[in-house]
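The structure under discussion appears below in the form of structure tokens.
Read the figures in this text as sums done on the coordinates, not as results from a lab. What you are looking at is a predicted structure, and each value in this text was computed from that prediction instead of being measured. So basically every Cβ, Gly included, is an ideal-geometry build from the backbone, and we count neighbours across all protein chains shown.
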Amino acid sequence: MGNDAMIAEEARDHFIKSFGGEPTLVVSAAGRVNLIGEHVDYNGGEALPIAIQRRTAVAIRRHDGAATTRINSGGTGGVLTLDHARLARKRKWTDYPAGVLDQLIGAGIEVPGIEVAVASDVPSGSGLSSSAALEVAFGFAVRSLLGLPPERVALALLCQQAERQFVGVPCGAMDQLSAACGERGHALYMHFDPATVRPVPFTESVLIVDTAVPRSLRVSAYSERVDECAAALAAIRVVDPAVPSLAAASMEQLAAATMDPIVRRRARHVISECGRVRAVVDALAAGRRFPGELAVASHESLRDDYACSSAELDWIVEYALRAPGVTGARLTGAGWGGCAVVFGEPGALEALQHPLIRDYEQAMGHKARAWLVTADDGARVEAGGGASG
Ligand code: GLA
């Protein structure tokens, strides 16, 4: 049995243990790794992530009681209850489904009483978007159960709002769009103003390396960057009030605006990164392999201008780039720990894993994990139902 099928099966097992009997439907959504286009989604820019073979599965069935969600807590059969009339943030993992319920109900969807079991192999806290996979899998499960079309982009944006408004993280839409819209064999060329997703053929394997460093700073530093980017846009609009987003500004407009030097560097990253995304998409469209040098340029910009790398991420990128057959490497996701992504010949990526993990532990004192992945599907029905698209 493939890994994907195992996660769906695990959700079904949890369901049977928690509620007795079979779920009506099992669905899943994917974690993601971003190939290029970092910290641009909340600036109206462009990015190119892929959904990966790490998934969160949700098994679901209606119950006849009051409008509550009964949800399994782990594989023990224990159940937590979320009252749809009184959804409140609890600062635990159920905030993600609760936030999505809050949005669905707010959008006028009458969500009846449901029983839900979750299983996942998306590592949490590593920057592979386990929270987006959970939000999207849950929202997709509810919509599918109610016979509503998935409306993937709208669902992703609703899940993003759940994370912003209910969970309290000011994220962009990249992670939720990846979890919802992924396509096997394709990278997802995303624009964020407004949100659109165009699949671009991409069949390369990439290596994800997790620094295994706790990400305590990530949320506060992320919010600080969001504010700095807003300050940069405000300064550019003094020069040209018509600029729609920071990503849409030109280097000339940036040069003409007056702002704090640190804020200027953040803006320079955002504007230059979008140019790199377009160059990668052009190369792939022309049938070329991922241009590794653009990944390296992205990493340098994130490290020097956006200041969201870490000693561990820099170590991994530099180590990977010394290996024969490796063409590029960069931090991926928010940064400040989390994961790096490495590009190159499949044999080279395979051969890199073991020595990298060994030498990283010796040099940095953390046990890295690595996964070789290809582009996979986003949200999909695994069993039952019959909803698709
Ligand atoms: C996190 C956020 C995304 C995006 C990335 C950085 O993953 O959730 O919205 O901003 O960081 O590109």
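Things worth noting here:
- The residues packed around ASP121, meaning those with a beta-carbon under 13 Å from its beta-carbon, carry a net charge of -1 if Lys and Arg are +1 and Asp and Glu are -1.
- C-alpha long axis of helix 152-161 to longest principal axis of the chain, angle in °: 80
- Computed 3J(HN,Hα) for region 295-301, one whole-Hz value per residue from the Karplus formula 6.51 cos²θ - 1.76 cosθ + 1.60 where θ = phi - 60°, is 5, 5, 4, 4, 4, 4, 5, glycine and proline marked x.
- Between GLY287, ALA247, ALA230, the Cα set farthest toward the positive side of the dipole of region 216-287 (charges on each charged residue's Cβ, about the Cα centre) is that of GLY287.
- C-alpha long axis of helix 130-145 to longest principal axis of the chain, angle in °: 40
- Taken about its Cα centre, region 206-373 carries a charge dipole of roughly 200 debye when the Cβ of each Lys and Arg holds +1 and the Cβ of each Asp and Glu holds -1.
- Summing Lys and Arg as +1 and Asp and Glu as -1 over all other residues whose Cβ lies under 13 Å from the Cβ of ARG278 gives a net charge of -1.
- By average C-beta atoms within 10 angstrom, highest first, the peptides 114-120, 181-187: 114-120, 181-187
- Debye, to nearest 20: dipole size of the chain, +1 on Lys, Arg Cβ, -1 on Asp, Glu Cβ: 420
- Put in order of Cβ neighbour count within 10 Å, fewest first, the listed residues THR56, THR258, THR327 become THR258, THR327, THR56.
- Looking at the chain, the DSSP beta bridges with both ends there are about 95 percent antiparallel.
- Helix axis angle, 95-106 relative to the chain longest principal axis, alpha carbon, degrees: 80
- Ranking ILE109, ALA98, VAL136 by how far each Cα lies toward the positive end of the dipole of region 26-137 (charges on Cβ) leaves ALA98 at the top.
- Over the chain, dividing the summed -39,500 (n - 2.57) contributions of all DSSP H runs of at least 4 residues by the number of residues returns a 222 nm mean residue ellipticity of -13500 deg cm²/dmol.
- The chain: mean projected area of Cα convex hull, nm²: 19.3
- Computed packing ranks the peptides 48-54, 26-32, 320-326 as 26-32, 48-54, 320-326, most packed first, by mean other Cβ atoms within 10 Å.
- For the pair region 325-389 / region 94-134, the C-alpha centres are spaced 24 Å from each other.
- Extension gain, ASP359-THR374: 0.36 nm per intervening residue step, less the Cα-Cα distance, totals 2.9 nm.
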